[in-house]
1. Could you please give the count of residues in segment 65-83 that are in contact (Cβ under 8 Å) with a residue 60 or more places away in the chain and either of a type outside the set (Asp, Glu) or surrounded by 12 or more Cβ atoms within 10 Å (Cβ to Cβ) (or both)?
2. Considering only residues that are part of a strand (DSSP E or B) and closer than 24 Å to Trp251 by Cα, look in segment 84-108 and name the one that is nearest to the chain's Cα centre (by Cα).
3. I need the full set of residues from segment 196-244 which are more than 35 Å from the chain's Cα centre (by Cα), part of a loop (DSSP other than H, G, I, E, B) and either within 16 Å of Ser180 (Cβ to Cβ) or not assigned by TED's automatic domain parsing to the domain that holds Leu169 (or both), in order please.
4. Please go through segment 159-189 and pick out each residue that is assigned to a loop (DSSP other than H, G, I, E, B) and hydroxyl-bearing (Ser, Thr, Tyr).
5. Looking at segment 104-111, can you tell me whether even one residue there is of a type in the set (A, V, I, L, M), within 20 Å of Ser92 (Cα to Cα) and surrounded by fewer than 17 Cβ atoms within 10 Å (Cβ to Cβ)?
6. Considering only segment 143-158, how many residues are surrounded by fewer than 16 Cβ atoms within 10 Å (Cβ to Cβ), of a type outside the set (Val, Ile, Thr) and either assigned to a strand (DSSP E or B) or over 9 Å from the mean Cα position of the chain (by Cα) (or both)?
7. Out of all the residues in segment 156-194, which are more than 13 Å from Val205 (Cα to Cα), of a type in the set (Lys, Arg) and touching an Asp or Glu at 6+ places or on another chain (Cβ under 9 Å)?
8. Of these, Leu125, Leu158, Leu144, Leu169, which one is out of contact with any strand residue (DSSP E or B) (no Cβ under 8 Å at 6 or more places or on another chain) and modelled with pLDDT of 95 or more?
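The values are calculated or read from the model by the stated rules, or taken from the named source; none is laboratory data. Quantities reported herein were computed from a predicted structural model and do not represent experimental measurements. Ideal geometry is used to build each Cβ from the backbone, glycine not excepted, and the neighbour counts take in all protein chains shown.
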Amino acid sequence: MAKKWHQLEKLDHKALKKLQAERERAAKLAQEAQDKKRRMIIGGAVLCGIFFIVIFISIMKSRAAEMARKEERAKMLFSSVVEYNGKVQVRSLGAWDKLAEKMEFDAEHSFRTDPDSSVTIKLQLDNQVKLNADSEMTVYPPTLAKRENKVEKETVKLKRGEITAVVSLDGRGILEIESSGVVVNGSSGLFKVIYDQKKDKGEVVVKNGLVEVSKKRGRGKPVKVSGFYKITFGGGEVSTPTQASVIQYNWR
């Protein structure tokens with residue numbers, strides 16, 4: 001009987017040890033699963049943190065690049081008065097004021113000169129327009145490309161009088177002078193646009209280089225005018241080129 005009880009106790013002890021081992025194994029597996037879950041959570045949090053940091057840096061770089069682009073773009077709108085003499089008046093929106101010093105501007109400005117006075121404006125791409133005596137013109141901000149910081153067009157409108165234009169190497173094909181329904185595009189060289197507002201008649205004279213004169217409303221092909229030639233215009237009409245005696249004009 002004692003032997004039988006001993007065997008039963010031995011069996012109970014083995015069963016207890018087995019149960020205890022299973023519990024320990026289950027606890028260990030649960031702990032490992034919990035540790036794995038914790039590591040996954042921490043790893044996920046770290047990855048999320050890195051992801052958000054990368055996104056934040058990318059956004060900041062993008063904003064910095066956009067700000068730099070806008071700053072560069074804003075600088076490209078400026079033109080400047082490089083020389084003037086005599087009595088010159090200027091205005092932006094309000095009344096006419098006396099031009100008292102050289103200036104830079106990035107908005108539409110009009111200039112007018114008295115007899116024996118002149119003013120020279122340098123545009124963004126180093127094209128220059130000189131408003132001669134007893135004349136009036138408006139200088140507009142350059143037209144920029146939408147997707148890149150590039151000047152596409154520099155526009156000057158001659159209301160009356162005379163402009164002498166010099167086309168730079170970088171500004172070829174960019175400068176446009178409008179007057180009485182025509183547009184004069186300076187491809188290269190040195191030329192004049194002269195307009196008598198009272199008679200509604202004008203002429204474009206080219207000393208050297210090449211210009212194209214077209215009707216502002218787009219009717220007909222542009223008329224090409226090369227050195228020592230000129231055309232006349234008025235009422236939106238443009239003549240064919242004829243030879244010009246350029247020495248009779250003041251090119252200074």
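1. 5
2. Applying the first criterion (part of a strand (DSSP E or B)) to segment 84-108 yields 84-85, 88-91, 97-98, 104-105.
Among the residues that remain, those that are also closer than 24 Å to Trp251 by Cα are: 84-85, 88-90.
Details: Tyr84: 29, Asn85: 32, Val88: 30, Gln89: 29, Val90: 26 Å.
Looking at the filtered set, the residue picked out is Val90.
3. Lys198, Lys199, Asp200, Ser239 - these are the residues of segment 196-244 that are more than 35 Å from the chain's Cα centre (by Cα), part of a loop (DSSP other than H, G, I, E, B) and either within 16 Å of Ser180 (Cβ to Cβ) or not assigned by TED's automatic domain parsing to the domain that holds Leu169 (or both).
4. Quick first cut of segment 159-189, residues assigned to a loop (DSSP other than H, G, I, E, B) only: 167-174, 180-181.
Ser168, Ser180 - these are the residues of segment 159-189 that are assigned to a loop (DSSP other than H, G, I, E, B) and hydroxyl-bearing (Ser, Thr, Tyr).
5. Looking only at segment 104-111, we keep the residues that are of a type in the set (A, V, I, L, M), and these are 107.
So of that shortlist, the ones also within 20 Å of Ser92 (Cα to Cα) come out as 107.
If we keep only those that are surrounded by fewer than 17 Cβ atoms within 10 Å (Cβ to Cβ) too, we end up with 107.
There is at least one residue in segment 104-111 that is of a type in the set (A, V, I, L, M), within 20 Å of Ser92 (Cα to Cα) and surrounded by fewer than 17 Cβ atoms within 10 Å (Cβ to Cβ).
6. Let us first name the residues in segment 143-158 that are surrounded by fewer than 16 Cβ atoms within 10 Å (Cβ to Cβ), namely 143, 145-150, 152-153.
So of that shortlist, the ones also of a type outside the set (Val, Ile, Thr) come out as 145-150, 152-153.
Narrowing further to those that are either assigned to a strand (DSSP E or B) or over 9 Å from the mean Cα position of the chain (by Cα) (or both): 152-153.
Result for segment 143-158: 2.
7. Hits for segment 156-194 are Lys157, Lys159, Arg160.
8. Working: Leu125 fails: out of contact with any strand residue (DSSP E or B) (no Cβ under 8 Å at 6 or more places or on another chain); Leu158 fails: out of contact with any strand residue (DSSP E or B) (no Cβ under 8 Å at 6 or more places or on another chain); Leu144 fails: out of contact with any strand residue (DSSP E or B) (no Cβ under 8 Å at 6 or more places or on another chain).
Testing whether each residue is out of contact with any strand residue (DSSP E or B) (no Cβ under 8 Å at 6 or more places or on another chain) and modelled with pLDDT of 95 or more leaves just Leu169.
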